[in-house]
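Asks: Here's a structure for you.
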Amino acid sequence: MGRRRVPELYRAPFPLYALQVDPSAGLLIAAGGGGAAKTGIKNGVLEQINGHLSASLLHSHDTDTRATMNLALAGDILAAGQDAHCQLLRFRAHQQKGSHKAEKAGSKEQGPRQRKGPSPAEKKSGTETQPEGVELRVENLQSVQTDFSPDPLQKVVCFNHDNTLLATGGTDGYVRVWKVPSLEKVLEFKAHEGEIEDLALGPDGKASVWQKDQLVTQLHWQENGPTFLNTPYRYRACRFGQVPDRPAGLRLFTVQIPHKRVRPPPPCYLTAWDGSTFLPLRTKSCGHEAISCLSVSESGTFLGLGTVTGSVAIYIAFSLQRLYYVREAHGIVVTDVAFLPEKGRGPELLGSHETALFSVAVDSRCQLHLLPSRRSVPVWLLLLLCVGLIVVTILLLQSAFPGFL
């Protein structure tokens, strides 16, 4: 499928690396950084305007020289990976009566929003405005160093199922678990000799940590996957997901990409694993573009993929079949993708669409990808068509052969 235009929700003054969606307030939270002058976390509010999903800037939180490379969300608490540290923040959105005055003390917050985006003068000065009645406050909580390699960098962060613990991984190969919100360390272990590519915590407390070709549970995909011609693969991403219509069901989804770039590029692969036995259930190719990020929808129905060439795709989790694809939507590496939650304000914001996927990239843009509802033919209509076809066939035979009946 060729290129097509997709809605652009926001363009930041710096590269975007991480993305989260708050279901209760309908907040889209994007973060990144591009140097000492322009780094931060942007908060946009999602709305339905004339039947179309759109977003307007609500708040900008300055993070000084620390670019935010990864994010995790638990209620009103954000965990932001900034260089070798993990910074906890608490945000609160509330209605305000009367005229609004931007608060400039303490947290270096730059407030408020406007629907049509800031004017050139406002962009230059770093201020933004918002309509009366909406206010977002962001408070810095605890911060802790989570990586201790010679060139330290936290690469991944995630909360556990009840948001009481936080797990981090980075370039030193260690997984560290912290209490929330005190960030007191409760566990530390060496997961890999190299960098940790991704980390996922299941609802039952199981952890999956990927680096190169190994899982902490010591599963090796290539022993169970397709046969390759001397092509080494490595794991790029892993996510747990629910099994639709099975509340107790659990799946683990992984992405495998070639260990080195070669010409012609070999395919990348999606794999679904049983969440209890960790046996592979299904593996399918997801194209020849190297995958950069993975997301699973809240119900476990859909998978979202971004690629290093800027393409975005949506797959159905059960069959691993592709439903949606935009080639080079960003034109440069997609750094994160996130689905619109299916609870809270999700159904209201979705409207007539089946799901919505947000993507951010190094090109500083946040884009919206909508999957139209797949229309199915009602059973009663199929039966009616069958009966009609039988009647027409009998009439044609009767007219061709008068003595048929």
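The values are calculated or read from the model by the stated rules, or taken from the named source; none is laboratory data. Keep in mind the model is a prediction, meaning the values are calculated, not measured. Every residue, glycine as well, gets a Cβ built from its backbone with ideal geometry; the counts of neighbours run over all protein chains shown. The protein model used for the area step is the full one, side chains on, heavy atoms only, and it has no ligands, DNA or RNA in it. Shrake-Rupley method; radii C 1.70, N 1.55, O 1.52, S 1.80 Å.
Asks: Using a probe of 1.4 angstrom, how much of the accessible area of segment 132-201 is carbon and sulfur, in percent?
Replies: It is 48 percent, rounded to a whole number.
Asks: Counting other Cβ atoms within 10 Å, keep those with at most 10, restrict to DSSP loop, and tell me which trypsin sites (Lys or Arg not before Pro) in segment 320-405 are left.
Replies: Sparse-neighbourhood loop trypsin sites (Lys or Arg not before Pro): Lys343, Arg374, Arg375.
Asks: Still on this structure, please answer the following. What distance in nm separates the simple spin-label points at Leu384 and Thr65, each placed 7 Å from Cα in the Cβ direction?
Replies: About 7.1 nm separates the two model spin labels.
Asks: Mind checking the log10 I(q)/I(0) for segment 259-330 at q = 0.15, 0.24, 0.26 Å⁻¹? Debye, one equal scatterer per Cα, no solvent, two decimals.
Replies: Normalising to I(0) and taking log10 leaves -0.52, -1.16, -1.27.
Asks: If we count every other residue with Cβ under 12 angstrom of Glu8's Cβ, Lys/Arg +1 and Asp/Glu -1, where does the sum land?
Replies: With Lys, Arg at +1 and Asp, Glu at -1, the net is +2.
Asks: Compute from the Cα atoms of segment 262-303 the Rg and the Dmax, the latter being the longest Cα-Cα distance, and quote both in angstrom.
Replies: Cα only, segment 262-303: 12.6, 38 Å (Rg, Dmax).
Asks: Sticking with this structure for a sec: In whole percent, how big is the carbon plus sulfur part of the accessible area of segment 256-405, probe 1.4 Å, protein atoms only?
Replies: The computed percentage sits at 65.
Asks: Leaving out ligands and nucleic acids, and using a 1.4 Å probe, what accessible area per residue does segment 280-341 come to in Å²?
Replies: With the other protein chains kept in place, segment 280-341 gives 32 Å² per residue.
Asks: Okay, moving on. Sort the following peptides by mean Cβ neighbour count (other Cβ atoms within 10 Å, averaged over residues), highest first: 301-312, 249-260, 382-393, 177-188.
Replies: Packing proxy ranking, top to bottom: 301-312, 249-260, 177-188, 382-393.
Asks: Please calculate the 1.4 Å probe accessible area of Val326, with all protein chains present, and give it to the nearest 10 Å².
Replies: Per-residue accessible area (Val326): approximately 0 Å².
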